[in-house]
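Notes follow the structure.
The values are calculated or read from the model by the stated rules, or taken from the named source; none is laboratory data. These numbers come from a predicted model, not from an experiment. Here the Cβ positions follow ideal geometry from the backbone for every residue, glycine too, while neighbour counts run over all protein chains shown. Heavy atoms of the whole protein, side chains included, go into the accessibility calculation; ligands, DNA and RNA do not. Shrake-Rupley method; radii C 1.70, N 1.55, O 1.52, S 1.80 Å.
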Amino acid sequence: PKSFEISKTDAELSKFVTTILEGDGDATVIEIRQVPAETLAHVVEYLKHHKGKEPDPLPCPVRSIHMAQIVSDKWDATWIDAFDKKTIFE
């Protein structure tokens, strides 16, 4: 299986990881079988960029199809625009 290193602070931005860690707060390694390794690599990249800090919420309703006009962090727009729709919804 593929493994990724990420700080606990960065990883805890993920609600999925937080839920796993609730069962074992001292864990230094967790196994995530539900997510393909390629998708998990993208998630880890995103979490490391945000360093445990919750990004600003998206406005509702969304008024544009252009991510650069929606998100406050331009890195997020560039990052998400690089994916096709299939990858985004995995």
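A few remarks follow.
- Candidates in segment 32-51 are the residues that are under 14 Å from Ile6 (Cβ atoms) and in a loop (DSSP other than H, G, I, E, B); of these, the one that is modelled with the highest pLDDT is Lys51.
- Tally of residues being open to solvent by less than 60 Å² (accessible area, probe 1.4 Å) and of a type outside the set (A, V, I, L, M, F, W, C) across segment 1-16: 3
- One residue alone among Asp56, Asp10 is in contact (Cβ under 8 Å) with a residue 12 or more places away in the chain and outside any loop (DSSP other than H, G, I, E, B), and that residue is Asp10.
- Taking segment 59-81 as the range and being in a helix (DSSP H, G or I), charged (D, E, K, R) and surrounded by fewer than 12 Cβ atoms within 10 Å (Cβ to Cβ) as the test, the residues that pass are Lys74, Asp81.
- Scanning segment 17-45 for residues that are of a type in the set (Val, Ile, Thr), more than 16 Å from Lys86 (Cα to Cα) and surrounded by 10 or more Cβ atoms within 10 Å (Cβ to Cβ) yields Val17, Thr18, Ile20, Ile30, Ile32, Val44.
- Residues that are modelled with pLDDT under 85 and of a type in the set (Val, Ile, Thr) do occur in segment 53-62, at least one of them.
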